[in-house]
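Just so you know, all these numbers are worked out from the coordinates, no wet-lab data involved. Source: prediction; values computed, not measured. Every residue, glycine among them, receives a Cβ derived from its backbone with ideal geometry; neighbour counts consider all protein chains shown.
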Amino acid sequence: MHIHALDTYCPGTSPIHRLDPRVKLVLTGLFILTAALVPDREWGAFGALEALVLLTILLSSVGLVRVQRRSAVAMPFVLAALTVAFSTPGRVLWRLPLPGIPLTVTDAGLLRFLSIAARSYLSVQAAILLAATTPFPDLLWGMRALRIPRTLVAITGFLYRYLFVLADEARRMLQAREARSGAPDGRGGGSVAWRAQVTGSMAGTLFLRSYERSERIYMAMLARGYDGTVRTLSPPSLRLVDWIVGLLVGMLLAALLLLTFDA
Amino acid sequence: MLFSTTHPTPTPMHIPDGFLSLAVALVGWVVAAVGVGLALWRSREALGERQVPLMGVLAAFIFAAQMLNFTVAGGTSGHLLGGALAAILLGPWAGILTMTTVVAVQALLFQDGGLLVMGANITNMAVIACLVGYGVYRGVRLLVGERRWSLLAGGFAAAWASVVAAAAACAIELGFSGTSPIGVALPAMAGIHALIGIGEGLITVGALALVSRARPDLVEMGRAGSVGGFRWALTGLAVALALTLLSPLASPHPDGLERVAEDLGFIEAAQEAPFEVIPDYVFPGLSNEALATIVAGVVGTIIVFGIAVGVAALYRRRVAVEA
């Protein structure tokens, strides 16, 4: 298996794929911002946002199930928000059925928790959709268009370029460790501290290999005339379609917010 | 197959979107922008035109190193986070820069951490983790001297402190956002990461030991870009103090925890500790409770710091006498 399989981009030719990356980046940001601004318990607004994201997923032909499955990445954090259900004052809905531990879930607490979960779920779907329909190099020049410092974007580009090379290296090291060590029924040999230190040595080796690789890369760049500035082709100007889609969806989100605050 | 998931064991540190209020997310972006801006400028001064290839490839290293895991117990596994290691090997500014791009790619490519809250995540895992980690590392080396074991002891302490500080910052942000009461989030996050930090420390020590044997010149490289070790130790302490100052303020529902405590009967059952320097963590003689808690926190931090300095100074004197 090659680590490339980890890339979350799904190649395709849908209208969402063909939309300009700058527009996609801005709209995703606006969508997440809208979700953050919608007050607690505005289920109508949350529903409308979910309808919008579901429609876009359908248009993008990335696959509803695939997106929903990946959305689970935000799940561990929901646990952290669960405490508000217990700690917000309000009408008692449910009492923890444990004798001696009078923990209670209140109506206000539960609704607050559900609102946080809804916002998080909406946002993660939008972020997945962005990554699934936009190749990462396109996202990079989208970032550049948003005035993120050139050096930072260039470093991120290098990170992406060598991520899979070094991840493959790490995978080979792990495979070599597996091959060398007997691990009786799932437990590793030796103490936990010893295993951690072995892993540390692997990280040290990986660091040295990466460092020496970066020196070779720098030499190769110098040999090809690198003078400290990373030059890229300027991105094409926005098409009419990109303008229309960007403005329409942006206005839709603004209208949704206005309606929510008006009500 | 070695990797069943696309990413190493998720640690509860990458905040997803929706969990922070807009105000907290914006503050996170401001802090991140200042930290990363400084880091860009200072590392450019130190590295010149090597900055982009060196930082880029080493950021990819941090990303790949996070995949190196080891079994802990019962099917769980630990892995490196890398903030302290990056700061020690590359220097604090380059460390911040590499960790920032790692956090950005984790959010953009793998949705590990949100986009609107990315500023907060960069603040925690890049700015705070590297500054606290490097400050502790320089502090230990300053106090103990430039011996090999002080590199390893400093590395362990730096790794542990960087993880715990980042987790505490994360809990404070959740508290300010009204997502999780600070009284629950802070002990829970700090507690879990005090354990995770031990693994982080051991891996960091293993990596530093290997690098300092194979390429001793590289371990000294991290120091080249910085001026005084003392200033860095102070910076680390200042960040830790700032976190202490913020924690008692981070509660929009101050009654929340007390209600739980009352429900649980903790308040009546709360027993007096047999001896305490600062009763109830509230300093006597101060009427404002938030202010008193802050003062108590500051005094506690300074006491712990003072004890560490004292022990180290005593130890150094003894070594000097023996030598």
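Neighbour counts of C-beta atoms inside 10 Å place B:CYS130, B:CYS170 in the sequence B:CYS170, B:CYS130, starting with the fewest. For B:GLU220, A:GLU42, the sequence from fewest to most other C-beta atoms within 10 Å is B:GLU220, A:GLU42. Scanning chain A for long hydrophobic helices, with DSSP H runs required to stretch 20 angstrom or more by C-alpha along their axis and to average at least -1.0 on the Kyte-Doolittle scale, returns A:21-37, A:43-60, A:107-133, A:150-180, A:192-223, A:240-262.
For the pair segment A:225-263 and segment B:27-92, the centres of their Cα atoms are 30 angstrom apart. The Cα-based radius of gyration and maximum Cα-Cα distance (Dmax) for segment B:22-253 are 16.8, 53 Å. Label reach from A:ARG180 (point 7 Å along Cα→C-beta): in segment B:195-215, amide nitrogens under 20 Å belong to B:202-215. With a simple spin-label model that places each label point 7 Å from the Cα along the Cα-to-Cβ direction, the separation between A:TRP194 and A:ARG172 comes to 2.8 nm. Shown is the FRET efficiency for B:ALA46 and B:ALA242, computed with R0 = 35 Å from the Cβ-Cβ distance and rounded to the nearest 0.05: 0.85.
Counted residue by residue at 0.36 nm each, then reduced by the alpha carbon distance between them, the extension gain from A:THR229 to A:LEU79 reaches 49.5 nm.
What average number of partner chain Cβ atoms lie no more than 10 Å from the Cβ of the residues making up A:106-116? Average neighbour count from other chains, rounded to a whole number: 1. The overall shape of segment A:158-263 is oblate: from the C-alpha gyration tensor, with semi-axes ordered a ≥ b ≥ c, the ratio a/c is 1.5 or greater and a/b is no larger than b/c. For chain A, the 222 nm mean residue ellipticity estimated from helices alone, with every DSSP H stretch of n ≥ 4 adding -39500 (n - 2.57) and the total spread over all residues, rounds to -23000 deg cm²/dmol. Put in order of Cβ neighbour count within 10 Å, fewest first, the listed residues B:MET13, A:MET219 become A:MET219, B:MET13. Contact order for segment B:94-229, expressed relative to its length and based on alpha carbon pairs under 8 Å spaced 6+ residues apart, stands at 20 percent. Subtracting the Cα-Cα distance of A:TRP43 and A:VAL241 from their residue separation scaled by 0.36 nm leaves 68.1 nm. Distance between the 7 Å Cα→Cβ label points at A:PHE261 and A:ILE148: 2.8 nm.
Please label the shape of chain A as rounded, prolate or oblate, based on the square roots a ≥ b ≥ c of the eigenvalues of the alpha-carbon gyration tensor (a/c under 1.5 means rounded; beyond that, a/b larger than b/c means prolate, else oblate). Note, shape of chain A comes out oblate.
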